[in-house]
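Okay, so here's the structure we're looking at.
The values are calculated or read from the model by the stated rules, or taken from the named source; none is laboratory data. Predicted, not measured: the structure shown is a model, and the values here were computed from it. All Cβ positions, glycine included, derive from the backbone under ideal geometry; neighbour counts span all protein chains shown.
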Amino acid sequence: MNTYAVIENDKVINSVVADSEFAAQQGWILLPEGAGIDWDYINGQFVDNRPVPPAPEPAPAPTKEQLMAELAALTAKIQALE
């Protein structure tokens, strides 16, 4: 048994595990490892044209005041251990 792509309008809409004879009767295409639903099927090739989500915005750098407050809190914790 292999995994086959169900394709509509050049887009993989589902993947199905089936034997090769049944898959051929249904017109399903053998799905290569790594390819999947929402991939395009163009000229006999599976192409990943899914939109790439934007990278998250980096967290803003802490201010000098925030760092000094963290340092004071850590210093107090260290002194409490002594």
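Yes or no: the range 52-64 includes at least one residue that is of a type in the set (D, E) and at pLDDT 95 or above. No - not one qualifying residue is present in the range 52-64. Filtering the range 22-54 to residues that are part of a loop (DSSP other than H, G, I, E, B), closer than 16 Å to N9 by Cβ and of a type in the set (A, V, I, L, M, F, W, C) leaves W28, I37, W39.
Go through the range 26-67 and report how many residues are more than 21 Å from the chain's Cα centre (by Cα) and surrounded by 10 or more Cβ atoms within 10 Å (Cβ to Cβ).
Residues of the range 26-67 more than 21 Å from the chain's Cα centre (by Cα): 26-30, 42-44, 59-67.
Restricting the remaining residues to those that are surrounded by 10 or more Cβ atoms within 10 Å (Cβ to Cβ) gives 26, 28-30, 42, 62, 66-67.
Summing the residues that are more than 21 Å from the chain's Cα centre (by Cα) and surrounded by 10 or more Cβ atoms within 10 Å (Cβ to Cβ) in the range 26-67 gives 8.
A single entry from Q26, Q66 fulfils the requirement of being under 24 Å from V6 (Cβ atoms) and of a type in the set (S, T, N, Q): Q26. Residues of the range 1-21 that are under 20 Å from R50 (Cβ atoms), in a strand (DSSP E or B) and touching a residue at least 24 places away in the same chain (Cβ under 8 Å): T3, Y4, A5, I7, K11, V12, I13.
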